[in-house]
1. Show the residues, 5+ positions off or on another chain, whose built amide H is closer than 5 Å to the amide H of Glu104.
2. Would you indicate which of [x] -0.33; [y] -0.29; [z] -0.54 is the value of log10 I(q)/I(0) by the Debye sum over Cα atoms at q = 0.10 Å⁻¹ derived from the coordinates of this structure?
3. Tally the DSSP beta bridges in the chain and give the antiparallel ones as a percent, rounded to 5.
4. Quote to one decimal, in nm, the extra length available between Glu110 and Tyr66 on full extension: 0.36 nm per residue of separation minus the C-alpha distance between them.
5. Give the carbon-plus-sulfur fraction of the accessible surface of the chain in %, rounded to a whole number; probe 1.4 Å, heavy atoms of protein chains only.
6. Out of the chymotrypsin sites (Phe, Trp or Tyr not before Pro) in region 9-99, which ones are loop residues according to DSSP with at most 11 other C-beta atoms within 10 Å?
7. Take the alpha carbon gyration tensor of region 12-56, find the square roots of its eigenvalues, order them as a ≥ b ≥ c, and report rounded if a/c is under 1.5; if not, report prolate when a/b exceeds b/c, else oblate.
8. Once R0 is set to 25 Å, what does the formula 1/(1 + (r/R0)^6) return for the Cβ-Cβ distance between Lys117 and Asp46, expressed as a FRET efficiency to the nearest 0.05?
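The values are calculated or read from the model by the stated rules, or taken from the named source; none is laboratory data. This structure is a prediction, so every number in the text was calculated from the model and none was measured. Ideal geometry is used to build each Cβ from the backbone, glycine not excepted, and the neighbour counts take in all protein chains shown. With ligands, DNA and RNA removed, areas are computed over all heavy atoms of the protein, side chains included. Shrake-Rupley method; radii C 1.70, N 1.55, O 1.52, S 1.80 Å.
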Amino acid sequence: MLKGISPILSPELLKILMEMGHGDELCIGDGNFPAASIAQRLVRLDGHGVTEILDAILALFPLDTYVDAPVTLMQVVPGDNVDPVIWKDYEKVIRKHESDKKIENIGRFEFYDRAKKCYAVVATGESALYANIILKKGVVK
């Protein structure tokens, strides 16, 4: 363990976060997300929810300032009667670490295609629906 680094972040995930460069993307998937079949690099954090993982990552991980929206969520599929209240928690965490960053929503299959190109995918034990998120890495200033 290290001081100042959340114990939620595994050594494997810390290595991946360090390897990532400006513009690389990281996907954090909920428990229903097909992480293993999509990921180029898969990190399992099954015992944790996305909000706590997002908070731990954003304490170390700068979001891209050169794109309109460095945070992407999966839109609710039309006709699916789900209100992803977890998105409000995400917004609070993002504002805590990166006050002015925009969040965009994209369709389910567009999200899957983008996740396949992500540097890594984090599989979680999150039970909330539509709790998937993609972060675009920025530069440390």
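1. Val71, Thr72, Leu73
2. [y]
3. 40
4. Contour length minus Cα-Cα distance gives 13.7 nm.
5. Reported share for carbon and sulfur atoms: 53 percent.
6. Tyr66
7. oblate
8. Working: r = 24 Å, r/R0 = 0.94.
That pair, Lys117 with Asp46, gives E of 0.60.
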